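Working notes, beginning with the structure itself.
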Ligand SMILES: [Fe+2]
């Protein structure tokens, strides 16, 4: 298997582990509130993980894999458009914003917002990952030649480097 695809698959496994921790975090917030022992530490850690890894994963797909694959399949409809739309939905849930607000002790309504966002992500993300792995990644494996894989890798490095200087 192409190393880029392997890397994306590994990131999905990491995301699943993160989802399990998020679900546990939501339950703790519901039971103990953010003042429960260690709850805030765990939420802060999750926030760093989401910002570092989940958003990087989205970036690598949206700014490297999808555009190059989009030369072979229409990206204004079909799987690429659908997956992009789902990424946008995850961002709209404002999980990070809720975590940041709780971290800076703005609690008005943010506990509830965090729980809703966490629940929604836990419901939607497994199907999203499944779609990528059963539909998009096999297409990429089949359609992208060596040069294009190298191009994905270059775009991916550029996207991550640009994000560092944001
Ligand atoms: Fe993905």
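Taken together, the values in this text are just the output of simple stated rules run on the coordinates, not laboratory data. Note that this is a predicted model, so its numbers are computed, not measured.
Odds and ends about this structure:
- Over segment 3-164, relative contact order from alpha-carbon pairs under 8 Å, at least 6 apart, %: 36 percent
- Centroid-to-centroid, using Cα positions, segment 47-64 and segment 104-122 are 20 Å apart.
- Highest-fluctuation residue, 30, 142, 11 considered, GNM on the chain with Cα pairs under 10 Å: 142
- Comparing 68, 26, 39 in a Gaussian network model of the chain, where Cα atoms under 10 Å apart are tied by springs, the biggest mean-square fluctuation is seen for 39.
- Calculated [222 nm] ellipticity per residue, helices only, for the chain: -24000 deg cm²/dmol; basis is -39500 (n - 2.57) per DSSP H run with n ≥ 4, divided by all residues, nearest 500.
- Comparing 16, 146, 49 in a Gaussian network model of the chain where C-alpha atoms under 10 Å apart are linked, the largest mean-square fluctuation is found at 146.
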